[in-house]
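Here the structure is laid out as structure tokens; the discussion comes afterwards.
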Amino acid sequence: MRPDTYATWVQWNENQTAASTANTITNLYGDYQTAHTQALTAEYWYRWVNEQEETAEQRAERRRVQAAMDQRSRDYAAARKAAAERAEKLLESCLTSEQRGQLAKHGWFTVVARSGRVYQIKRGRARNVIEMRTGRTYCCHPIDNVPDADTMLAQKMMLEVEEDEFLRMANVS
Amino acid sequence: MTCEMAVMTPADGDLKIIWDSDKPVEVEHARKSFDEFKRKGYAAYRVNKSGDSGEVMRSFEADAEKVILRPQMMGG
């Protein structure tokens, strides 16, 4: 157990003595020691925090911080959604009408490499490329966390132009 | 001639850099952007307007009508 966790526990117990018997504390601490996982520590901590009475200033500050965090989450989600939409348009601009039809209808499209091999690229990021003849699944994707449509276009470009490099990098199953 | 570079980035999905191949200032700006992304490990493909018939682009070409830059790849 980390020393600061223990110190927090002791502090908590001292604050509760007026309302708790020593026996209860001993039992609680026993339970705590039995399963002092990080999740459990966090659970006790938040329970204790929630039981404390907030001052008006603390409540206002908590709500201000929460509102700022919520806004950041909304901004991030909106930015990711806009990026995904742009990536989708870029992908579609690089597909033939047949491939666009496949993608709309099935959620995948096929690519013919210069070797003549045909690959199916499914929506997704990992383990989404299948060689049609052998049924092998290939996993090779951008290091960066780009939208799935970008991943699919990157895979398409590699298979069409640098198939050997793609096969060298990919994990096969 | 109007040329464009489409860069796959996490923040933008498709970051467009557009230049006029007849305007040296714009060409230079596009070249710097291209080199910057290449330094970051991006690979570039020169494609036709419909996005197919691609070929690997090792260095910037001012008259490339459409260029796609993808991030570095890894086996998953």
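Listing for the model above:
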| item | result |
| --- | --- |
| Residue among A:Val146, A:Val65 that is hydrophobic (A, V, I, L, M, F, W, C) and either at the interface with another protein chain (Cβ under 10 Å from one of its Cβ atoms) or on the phi > 0 side of the Ramachandran plot (or both) | A:Val146 |
| Qualifying residue in the stretch B:57-70 (condition: closer than 28 Å to A:Arg168 by Cα, assigned to a helix (DSSP H, G or I) and modelled with pLDDT of 95 or more) | no |
| Residue in the stretch B:30-39 that is acidic (Asp, Glu) and within 11 Å of chain A (Cβ to nearest Cβ) present | no |
| Residue count for the stretch B:1-10, restricted to those that are under 10 Å from the mean Cα position of the chain (by Cα) and either crowded, with 16+ Cβ neighbours inside 10 Å or within 7 Å of chain A (Cβ to nearest Cβ) (or both) | 5 |
| Exclusive hit being at the interface with chain B (Cβ under 8 Å from one of its Cβ atoms) and of a type in the set (Gly, Ala, Ser), set A:Ala113, A:Ala104, A:Ala170 | A:Ala170 |
| In the stretch B:11-29, residue farthest from the other protein chains (Cβ to nearest Cβ) [restricted to those that are part of a loop (DSSP other than H, G, I, E, B) and surrounded by 16 or more Cβ atoms within 10 Å (Cβ to Cβ)] | B:Ser21 |
| Residue in the stretch B:57-71 that is closer than 21 Å to A:Met157 by Cα, among the aromatic types (Phe, Trp, Tyr) and more than 9 Å from chain A (Cβ to nearest Cβ) present | yes |
| Test: B:Arg70 is within 15 Å of A:Val161 (Cβ to Cβ), surrounded by 15 or more Cβ atoms within 10 Å (Cβ to Cβ) and of a type in the set (Lys, Arg) | yes |
| Evaluation of A:Ala126 against (1) more than 9 Å from every other protein chain (Cβ to nearest Cβ); (2) under 25 Å from A:Ser173 (Cβ atoms) (one fails), failing number | (1) |
| So A:Ala154, is it within 7 Å of chain B (Cβ to nearest Cβ), in a helix (DSSP H, G or I), free of Cβ contacts under 8 Å to residues at least 24 places away in the same chain and within 22 Å of B:Lys49 (Cβ to Cβ) | yes |
| Single match in A:Ala154, A:Ala170, A:Ala149 (criterion: touching an Asp or Glu at 6+ places or on another chain (Cβ under 6 Å) and of a type outside the set (Lys, Arg)) | A:Ala149 |
| Residue that is nearest to B:Gln72 (Cα to Cα), among those in the stretch A:157-167 that are more than 7 Å from chain B (Cβ to nearest Cβ) and in contact (Cβ under 8 Å) with a residue 24 or more places away in the chain | A:Phe166 |
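The values are calculated or read from the model by the stated rules, or taken from the named source; none is laboratory data. Here the structure is a predicted model, which is why all the values come from computation and not from measurement. Heads up, the Cβs are rebuilt from the backbone with ideal geometry, glycines too, and the neighbour counts pull from every protein chain shown.
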